[in-house]
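The values are calculated or read from the model by the stated rules, or taken from the named source; none is laboratory data. Note that this is a predicted model, so its numbers are computed, not measured. A quick note on method: Cβ atoms are made from the backbone with ideal geometry, for glycine too, and the neighbour counts reach across all protein chains shown. Just so you know, the surface numbers come from the protein's heavy atoms only, side chains and all, with ligands and any DNA or RNA stripped out. Shrake-Rupley method; radii C 1.70, N 1.55, O 1.52, S 1.80 Å.
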Amino acid sequence: MTMTNSMLINGIQVKGDGEVFSVINPATEDAICQCNMASVDQLDQAVAAARAAYPAWRDTPDAERSRLLHQIADRLEANADELARIIVQEQGKPLALAQMEVGAAAGWTRYNADLEIPEQVFEDSDSKRVIGHRKPLGVVASITPWNWPLMIAIWHIMPALRTGNTVICKPSGMTPLNTLRLVEIMNEVLPAGVINSVLGEAEIGSAISGHADINKVIFTGSTPTGQRILANSATTLKRLTLELGGNDAAIVLPDSDVDAIAEGLFNSAFINMGQTCAALKRLYVHESQYEAVCEKLATLAEQQVVGNGLDDTTTFGPVQNANQYRQVIELVDDARNQGARILCGGSPSADKGYFYPPTIVADVCNGTRLVDEEQFGPVLPVIAYQDVKQAIALANDCSAGLGGSVWGSDTEQAGQIARQLECGTAWINNHAEVLPHIPFGGCKLSGVGVEFGLEGLLEYTQLQVINAPK
């Protein structure tokens, strides 16, 4: 498979002027492609192209923008196998999960294509009519991470385009190839300059967040990077949507049916090898069921087949990159040194590749690094609690507030407890489910703003009030 390694600016393929970097397959540690980072001058060119394309795209009839997004979804589906295989090679996830990512990306595109913003009527009296309508912001910059590289790009780009903005897309340098191909595919449908791609890391990210001609930045990634974007954007007061780190807690209530919930708990924690912002990352279980839950989770973990995502038998791929791999090893080793029980896994593979088996860690508590820090990998700490009030306090004892969940047979009681969790989304007997029509965002250090649904769409617009006498 030939990998696209060129940026696309104003409809033209462009090689970056900056340093060369390699894209690494995490299953083999081999370089699969080399790319060049953009220079700041090339970023300026991309912004100029997006700004030049903006007036015509802003004025494109709403129905036409919707039609073009559906056409993009058609093209995603037509290229689904290629996109999925690129994802596996640069991100590592099993092919079936990559195929799901591409299918969901097409579905998310269609959902945004059909979204409409209603006119708001604030007053319609005998003397005046006051209405609110929504205008696009201008140029939107998307900065995406390496865990769901295609899906998150779609989450950023499609609502921006739907509302009449033009876009600069900067993918992670660890997983740029599917996004570069995505932008190519979109340029088969869209006018030149409406969607552009640039490559780069800190220098380009800083130039984006401080750029006077970029009107909004949407970023998914770590809290420290989000804080830098927020600080750097202050001089221009650009709009921001920041979906940042999470350390999601789940509480298993004493009335839970352990057999019924075990698979849901496991899948919520280890989706994408645990490399998901809203994955379950801390599990609090009542002491009466603690050993039973730990045993069930360890059994499920040991059933996984760890390997290259392109192998048919693989159910569990590698950690995506060397730094994250080392972080997982360090956190588990620290817990082990403090007396934790490693119920399964707990050691990296001796084979080539960033393989770490799904690992269940028992007999840990708040104050252990594995509990306090977001592991963002294939490890789940399980913490015992004595009463529900204590569990709520332990779950909320965290600077992050992305998601949380409560698991139990009495869903009304679970709902009352869920409302006490300090997080943007609280699930009942579920976790990590995000849907295109339901707003999603965090509190505390997990971000600013929301994505998805009408509320997410409105983040790409400016409200203008028209106050007219009759």
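Which whole number in µm²/s is D for the stretch 147-301 by Stokes-Einstein, with the Kirkwood Rh taken over Cα pairs at 37 °C and 0.692 mPa s?
Numbers: Rh = 18.2 Å.
Stokes-Einstein gives a translational diffusion coefficient of 181 µm²/s.
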| message | Quick one: 3J(HN,Hα) in Hz for the stretch 143-156, Karplus 6.51/-1.76/1.60 with θ = phi - 60°, rounded, Gly and Pro as x. | response | 10, 10, x, 9, 7, 10, x, 7, 4, 5, 4, 4, 4, 7
| field | Coarse-grained scattering of the stretch 34-88 at q = 0.15, 0.21, 0.23, 0.25 Å⁻¹, given as base-10 log I(q)/I(0) from a Debye sum over alpha-carbon atoms | value | -0.77, -0.92, -0.90, -0.89
| Between 0 and 90°, nearest 10: helix 258-270 axis offset from the chain longest Cα axis | 50 degrees
| task | Express in % the proportion of alpha carbon pairs of the stretch 335-468 at distances exceeding 24 Å. | result | 46 percent
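Using a Förster distance of 30 Å, how high is the FRET efficiency between I466 and D59, based on the Cβ-Cβ distance and rounded to 0.05? List each step's numbers first, then the result.
Working: r = 18 Å, r/R0 = 0.60.
Step by step, r from the Cβ atoms, then E = 0.95.
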| message | Let me check something: with ligands and nucleic acids excluded, how do L237, L182 order by accessible area (1.4 Å probe), largest to smallest? | response | L237, L182
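So, with +1 on the Cβ of K and R and -1 on the Cβ of D and E, and no other charges, what is the size of the charge dipole of the stretch 147-291 about its Cα centre, to the nearest 20 debye? Could the numbers behind the result be given before it?
On the way: 9 positive and 13 negative charges, 178 e Å.
Once rounded to the nearest 20, the dipole reads 860 debye.
Give the whole-number value, in cubic angstrom per residue, of the convex hull volume spanned by the C-alpha atoms of the stretch 313-396. It would help to have the intermediate numbers written out before the result.
Numbers: hull volume 9.2 nm³, N = 84.
Enclosed volume per residue, from the Cα hull, is 110 Å³.
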| field | Residue-normalised accessible area of the stretch 264-307, expressed per residue, 1.4 Å probe, Å² | value | 32 Å²
| request: Quick one: angle between helix 177-187 and the longest Cα principal axis of the chain, in degrees between 0 and 90, rounded to 10, please. | output: 30 degrees
| task | Sort the following peptides by mean Cβ neighbour count (other Cβ atoms within 10 Å, averaged over residues), highest first: 400-407, 210-217, 192-199. | result | 400-407, 192-199, 210-217
| message | At 1.4 Å probe size, what's the solvent-accessible area of W57? Round to the nearest 10 Å². | response | 10 Å²
| task | Determine, from the Cβ-Cβ distance of R67 and L454 and an R0 of 22 Å, the FRET efficiency 1/(1 + (r/R0)^6), rounded to the nearest 0.05. | result | 0.60
| query | Which lysines does K170 reach when only Cα atoms under 23 Å apart count, and residues fewer than 8 places away in its own chain are ignored? | reply | K15, K93, K216, K238
| query | Over the alpha carbons of the stretch 78-227, what is the largest minus smallest coordinate on each principal axis, giving the biggest first in Å? | reply | 64, 35, 31
| Taking the C-alpha atoms of the stretch 252-323, how large are the radius of gyration and the largest Cα-Cα span, Dmax, in Å? | 13.8, 41
| task | Give the cross-link partners of K128 among the lysines, using a straight C-alpha distance below 24 Å as the criterion and excluding same-chain residues fewer than 8 apart. | result | K470
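Taking a probe of 1.4 Å, how large is the accessible area per residue of the stretch 410-470, in Å²? Let's see the in-between values first.
Numbers: 3130 Å² over 61 residues.
Dividing the accessible area of the stretch 410-470 by its residue count gives 51 Å².
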| field | D81 versus I32: modelled label distance in nm, points set 7 Å from Cα along the beta carbon direction | value | 1.7 nm
| So what are the radius of gyration and Dmax for the Cα set of the stretch 110-163, in Å? | 16.6, 56
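With N denoting the number of residues in the stretch 405-470, provide Rg(C-alpha) divided by 2.2 N^0.38 Å, to two decimal places. Spell out each step's value before the answer.
Details: Rg = 16.7 Å, N = 66, 2.2 N^0.38 = 10.8 Å.
Expressed relative to 2.2 N^0.38 Å, the Cα Rg reads 1.54.
Could you rank the peptides 428-438, 378-388, 120-130, 444-454 by their average count of other C-beta atoms within 10 Å per residue, with the highest value first?
Most protected by this proxy first, the peptides run 378-388, 444-454, 428-438, 120-130.
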| said: Under 20 Å between alpha carbons, and skipping anything fewer than 8 positions from K389 in its own chain: which aspartates and glutamates qualify? | reply: D248, D255, E287, D363, D372, D397, D410, E412, E422
| message | What figure, in Å² to the nearest 10, do you get for the accessible area of M100 with a 1.4 Å probe and non-protein molecules left out? | response | 100 Å²
| query | So what's the chain giving for Cα Rg divided by 2.2 N^0.38 Å, two decimals? | reply | 1.00
| said: Helix-only estimate, please: 222 nm mean residue ellipticity of the chain, summing -39500 (n - 2.57) across DSSP H runs of length 4 or more and dividing by its residues, to the nearest 500. | reply: -12000 deg cm²/dmol
| request: Specify the angular offset, from 0 to 90 degrees and rounded to the nearest 10, of the alpha carbon long axis of helix 223-232 from the longest principal axis of the alpha carbons in the chain. | output: 30 degrees
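With a 1.4 Å probe and all protein chains left in place, how much of the accessible area of the chain comes from carbon and sulfur atoms, in whole percent?
On the way: 9000 of 18080 Å².
Heavy-atom surface of the chain belonging to carbon and sulfur, 1.4 Å probe: 50 percent.
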